[in-house]
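The values are calculated or read from the model by the stated rules, or taken from the named source; none is laboratory data. All figures in this text were calculated on a predicted structure; none of them were measured in a lab. Cβ atoms come from the backbone with ideal geometry, glycine included; neighbour counts cover every protein chain shown.
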There are 2 protein chains.
Amino acid sequence: MKLVVTGTIGIDTVHTPTAKREGVSGGSAAYFAAAASKLCPVRLVAVVGGDWPAEHRSILKEFSGVCLSGLESRGNSRTFAWGGKYFEDVNRRETLFTEVGVLQEEPPRVPVEYADSELVFLGNTHPAVQLGFIDQFPNRKLVVADTMDLWIRTAMPELSALLRRVDGLIVNDSEACELTGVRNAVSAGQKILQMGPKFVVVKKGEHGAILFHPEGNAVIPAYPVEASKVVDPTGAGDSFAGGFMGYLTRENRNDFKALHSAMAYGTILASFALESFGLDRMRTLTLEEVQQRLRQFQQIARVG
Amino acid sequence: MKLVVTGTIGIDTVHTPTAKREGVSGGSAAYFAAAASKLCPVRLVAVVGGDWPAEHRSILKEFSGVCLSGLESRGNSRTFAWGGKYFEDVNRRETLFTEVGVLQEEPPRVPVEYADSELVFLGNTHPAVQLGFIDQFPNRKLVVADTMDLWIRTAMPELSALLRRVDGLIVNDSEACELTGVRNAVSAGQKILQMGPKFVVVKKGEHGAILFHPEGNAVIPAYPVEASKVVDPTGAGDSFAGGFMGYLTRENRNDFKALHSAMAYGTILASFALESFGLDRMRTLTLEEVQQRLRQFQQIARVG
């Protein structure tokens, strides 16, 4: 199976309770691809500006499983830039600034050689852009999207259309609640199933995730991480999605049981992502380390 | 093994987003005992006033596994009364009023025939009162306590003394954070281990629970419950404790693996408790229903 991700590449500024970093290599597609590449090859579709640091390109090139043919560079444009601040409560985040730059132009082109992609992850961008990507993958077998509160508030018609065309949605609990007007995450997830997707994963950050599917629900706690180990939560959600889709790609399955198992891989990849700023931890992470932590997690999250 | 619980019997007033109930049979010891009694016999130590409704006594008597020899009635006193309001976010609760009544008098007497109790659960009351109970159980093998934010703020010396004398603490995540001054629940739980208890269970309501133990941690998600099924969250935490201690009593074990497994029983008992006001759901609940939901939970919370 062939996996492709569309989304953003960004230059991040991150403030945590103990540190501040500028010029961090970020973006939803970058985090997703880095995580997924631990499990399977992954193709990336994104666009950057002329200001994108050569060092960031070098970092992405280190991930041998990530194909960068779909990474478009526009010399006269500026790369998407995002600044965020985290608090001691890691589930709380404040956006300091968003400079969309090149994202307000035409979406990146999908290379001809990506046309046979079968698993498609539409990372968070405007739902109209996400919709535009779908038909460029005629061999698609599973299309999964992410979204965010901004589009729920400003682009609901396009988001509704997107939800009717995707197989799965991976979304934060606060966004699931905002999308449905329901406070209970379980009820919100069920309600999203009626909006189109065949399955929904509601991510709850440090509290784990819930899968909603016509065959039933599945729940998973987060891998427990002490405060001292949480360096930067940016990209943990995208890394979850990367681990989730990477597992489905590697196993060549997308039935309920496979989706359930995929949540464990998402959880483990997310737990590594937050151990460093940007992609630093992902650069050295091995499949053996992923599998070792998964085995440990299976022990500590055993039920009964 | 013989299990005893000390704590409150109360008359509750409960406001939920959709209903309001007065004169509900409540209190930490009542909820604990009702839940534990599904798994093993349990002895109750509590005190009520002359205003305690005969109907509430009848309800408690229905639980054949609950021994009421330690339920003291003081005709000239008033029963503890509590009023609380819940919001659509079930993890949020506001106390409307607290009339301590008989709780400000001498604690209830422990019947002589309870002296051979081996597992002791000290339900939430003033930590000095909890401390006073410990030595009345000379055959104690495992002493576990609950506490609340009020005692963290007003009785920290007594609470510190209590923590040095108990084997385990079962506490809400917000209280664990307040007790330690740490926002991360994982770090807070670890820090409480250094305050005395051999193990700590941090309850996160709809987000599950974490066990902290010198041999390692264990995590469990909550049993997923839709908003329409959440009738009244009052007593869910006490029911968790009842299921947890009931399992240890029935299995006659308190090693790390047993404590881990006990969290699943706590989770299931709590999930039933919130399906009704007061003890209504517990009155009809059978062990077969508990085991059936546990098996279902093991399926939906499987990792990997």
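Data overview
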| item | result |
| --- | --- |
| Candidate set from the range B:258-284 (those that are assigned to a loop (DSSP other than H, G, I, E, B) and touching a Lys or Arg at 6+ places or on another chain (Cβ under 7 Å)); member that is farthest from B:Glu55 (Cα to Cα) | B:Glu275 |
| Among (1) on the phi > 0 side of the Ramachandran plot; (2) modelled with pLDDT under 95 - the single one B:Val230 does not satisfy | (1) |
| Criterion: at pLDDT 95 or above and closer than 22 Å to B:Ala262 by Cα - qualifying residue of B:Ala36, B:Ala54 | B:Ala36 |
| Residue count, the range B:28-54 (criterion: in a helix (DSSP H, G or I) and in contact (Cβ under 8 Å) with a residue 24 or more places away in the chain) | 9 |
| Test: residue in the range B:189-207 that is touching a helix residue (DSSP H, G or I) at 6+ places or on another chain (Cβ under 7 Å), crowded, with 24+ Cβ neighbours inside 10 Å, of a type in the set (Lys, Arg) and not in a helix (DSSP H, G or I) | yes |
| Test: A:Arg153 is among the basic types (Lys, Arg), touching a Pro at 6+ places or on another chain (Cβ under 9 Å) and closer than 30 Å to B:Tyr86 by Cα | no |
| Boolean, A:His126 is more than 14 Å from every other protein chain (Cβ to nearest Cβ), buried (at least 19 other Cβ atoms within 10 Å of the Cβ) and either over 23 Å from A:Val5 (Cα atoms) or within 19 Å of the chain's Cα centre (by Cα) (or both) | yes |
| Only listed residue being outside any helix (DSSP H, G or I) and touching a residue at least 24 places away in the same chain (Cβ under 8 Å), chosen from B:Ala128, B:Ala145 | B:Ala145 |
| Residue match in the range A:239-257 (condition: within 30 Å of B:Leu259 (Cα to Cα), more than 11 Å from every other protein chain (Cβ to nearest Cβ) and either among the acidic types (Asp, Glu) or in contact with a Lys or Arg (Cβ under 7 Å, 6 or more places away or on another chain) (or both)) | yes |
| Candidates A:Ser25, A:Ser58, A:Ser73, A:Ser64 - the one that is assigned to a strand (DSSP E or B) and out of contact with any strand residue (DSSP E or B) (no Cβ under 6 Å at 6 or more places or on another chain) | A:Ser25 |
| Which numbered condition A:Arg92 fails, given (1) without any contact (Cβ under 8 Å) to a residue 24 or more places away in the chain; (2) away from chain B (no Cβ under 14 Å); (3) under 26 Å from A:Arg21 (Cβ atoms); (4) not polar (S, T, N, Q) | (2) |
| Residue that is farthest from B:Ser187 (Cα to Cα), among those in the range A:78-97 that are assigned to a strand (DSSP E or B) and under 18 Å from the mean Cα position of the chain (by Cα) | A:Phe80 |
| Test: B:Arg302 is among the charged types (D, E, K, R), more than 21 Å from A:Ala222 (Cβ to Cβ) and modelled with pLDDT of 95 or more | no |
| Residues of the range B:266-304 classified as within 13 Å of chain A (Cβ to nearest Cβ), surrounded by fewer than 20 Cβ atoms within 10 Å (Cβ to Cβ) and closer than 17 Å to B:Val230 by Cβ, total | 1 |
| Residue tally, condition at the interface with another protein chain (Cβ under 7 Å from one of its Cβ atoms) and in contact with an Asp or Glu (Cβ under 6 Å, 6 or more places away or on another chain), over the range B:176-215 | 4 |
| Which numbered condition A:Asp149 misses (of (1) closer than 26 Å to A:Thr79 by Cβ; (2) surrounded by fewer than 21 Cβ atoms within 10 Å (Cβ to Cβ); (3) modelled with pLDDT of 95 or more) | (3) |
| Identity of the residue in the range A:216-238, in a loop (DSSP other than H, G, I, E, B), touching a residue at least 24 places away in the same chain (Cβ under 8 Å) and within 11 Å of another protein chain (Cβ to nearest Cβ), that ends up surrounded by the most Cβ atoms within 10 Å (Cβ to Cβ) | A:Pro221 |
| Scan of the range A:101-122 for residues that are outside any helix (DSSP H, G or I) and surrounded by 15 or more Cβ atoms within 10 Å (Cβ to Cβ), ordered by number | A:Pro107, A:Pro108, A:Val110, A:Pro111, A:Ser117, A:Glu118, A:Leu119, A:Val120, A:Phe121, A:Leu122 |
| Residue check, A:Asp255 surrounded by fewer than 22 Cβ atoms within 10 Å (Cβ to Cβ) and at pLDDT 95 or above | yes |
| Residues within the range B:1-22 that are in contact (Cβ under 8 Å) with a residue 40 or more places away in the chain, over 15 Å from the mean Cα position of the chain (by Cα) and in a strand (DSSP E or B), tallied | 6 |
| Residue ID - nearest to the chain's Cα centre (by Cα), chosen from residues in the range A:226-243 that are closer than 20 Å to B:Gly189 by Cβ and among the charged types (D, E, K, R) | A:Lys229 |
| Total residues in the range B:206-257, condition of a type outside the set (Gly, Ala, Ser), touching a Ser or Thr at 6+ places or on another chain (Cβ under 7 Å) and farther than 20 Å from B:Ala176 by Cα | 6 |
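Yes/no matrix, rows are residues, columns are (1) in contact with a His (Cβ under 6 Å, 6 or more places away or on another chain); (2) within 14 Å of another protein chain (Cβ to nearest Cβ); (3) of a type in the set (Val, Ile, Thr); (4) under 20 Å from A:Tyr247 (Cα atoms):
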{"position": "A:Gly7", "(1), (2), (3), (4)": "no, no, no, yes"}
{"position": "A:Val14", "(1), (2), (3), (4)": "no, no, yes, no"}
{"position": "A:Leu60", "(1), (2), (3), (4)": "no, no, no, no"}
{"position": "A:Gly65", "(1), (2), (3), (4)": "no, no, no, yes"}
{"position": "A:Ser73", "(1), (2), (3), (4)": "no, no, no, no"}
{"position": "A:Gly83", "(1), (2), (3), (4)": "no, no, no, no"}
{"position": "A:Gly101", "(1), (2), (3), (4)": "no, no, no, no"}
